[in-house]
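Remarks on the structure that follows.
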Amino acid sequence: MTRKGCGELDFGEAIEFAPNSTRIRRRSKAMLRTIAALLEEETSPVLLLSIEGYQAPDERRENLALERALVVKDALLELGAHPARLVPLGYDHELWPRRDATWSERRVEFDVLLGAHCPDT
């Protein structure tokens, strides 16, 4: 995770899933621990974080994107994240490309919806 500016954070890679799956891969666990630790701090720069689930067009399970977001939310809660700071969302595959302009649709990404105010300098 890197700081891009006051209140702006980059959590790195998306959490990717196998087709028709909501199982979080082992390689994503370290990223989830980092995010959860940040969200449990009282002085966290993240006041509200969206958990954005996506699914591919060939995945036929309705609401799979939202299910992925909810699974990630549950994992963050188990790791100690504050529940009031998490907003799970599910998006149709046709609506949103991946931030790096590729189309890995079986994923969850994060976005800071509300950050703490910057201190006066």
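No value in this document is a laboratory result; all are computed from the given coordinates. These numbers were taken from a predicted model, which means no experiment stands behind them. Methodologically, a virtual Cβ is constructed for each residue, glycine included, from the backbone with ideal geometry; neighbour enumeration extends over all protein chains shown.
A few points about this structure:
- Residues whose amide H comes within less than 5 Å of that of VAL46, counting only those at least five positions distant or on another chain, are ALA116 (H built at 1.01 Å from N in the peptide plane).
- The simple spin-label model puts a point 7 Å past each Cα toward its Cβ; for ARG23 and ALA37 those points are separated by 2.7 nm.
- Applied to the range 22-31, the Karplus parametrisation 6.51 cos²θ - 1.76 cosθ + 1.60 on θ = phi - 60° returns per-residue 3J(HN,Hα) values of 10, 7, 6, 6, 4, 5, 8, 4, 5, 5 Hz, with x for Gly and Pro.
- Alpha carbon Rg of the range 29-91, scaled by the compact-globule rule 2.2 N^0.38 Å: 1.18
- Extension gain for LEU48-GLU62 works out to 2.4 nm (0.36 nm per residue, less the C-alpha to C-alpha distance).
- Couplings for the range 58-67, taken from phi via the Karplus curve 6.51 cos²θ - 1.76 cosθ + 1.60 with θ = phi - 60°, read 7, 8, 8, 5, 5, 6, 4, 4, 5, 4 Hz in order; Gly and Pro are left as x.
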